[in-house]
Amino acid sequence: MAAIVRRAVDAGEYSSNSEVIRDALRDWTHKRKLREQGLSDLRKRWLEAIADDSEGLDPEKVFDQLETKYDRLAEETGR
């Protein structure tokens, strides 16, 4: 990893090793934040689904609709 950092600085992509590290940390922090937000949203949706007393959808009907949709798309694209 140190060699990658040195090459980035030598190539002029960054002015110093610490700049490379700061940029990498910013990316890492951003990715972590996105992952945490995604998990938080998933937990929220899961709890909403558990609390939902509605009947829901008939899975056979949903799969039939999806199959029809994708068969039509396949015909249109020739796949």
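Does R79 satisfy being modelled with pLDDT of 95 or more and basic (K, R)? Break it down into steps so the answer makes sense when it comes.
Numbers: modelled with pLDDT of 95 or more: no; basic (K, R): yes.
The answer is no for R79.
Just need a number here: residues in the range 66-79 that are open to solvent by 100 Å² or more (accessible area, probe 1.4 Å) and under 26 Å from the mean Cα position of the chain (by Cα).
Of the residues in the range 66-79, 2 are open to solvent by 100 Å² or more (accessible area, probe 1.4 Å) and under 26 Å from the mean Cα position of the chain (by Cα).
Tell me, which residue of the range 5-55 that is in a helix (DSSP H, G or I) and among the polar types (S, T, N, Q) is surrounded by the most Cβ atoms within 10 Å (Cβ to Cβ)?
It comes out as N17.
The values are calculated or read from the model by the stated rules, or taken from the named source; none is laboratory data. Since the model is a prediction, treat every value here as computed from it, not as a measurement. Positions of Cβ are generated from backbone atoms using ideal geometry, with glycine treated the same way; all protein chains shown enter the neighbour counts. Areas reflect the complete protein model, heavy atoms only, side chains present, ligands, DNA and RNA absent. Shrake-Rupley method; radii C 1.70, N 1.55, O 1.52, S 1.80 Å.
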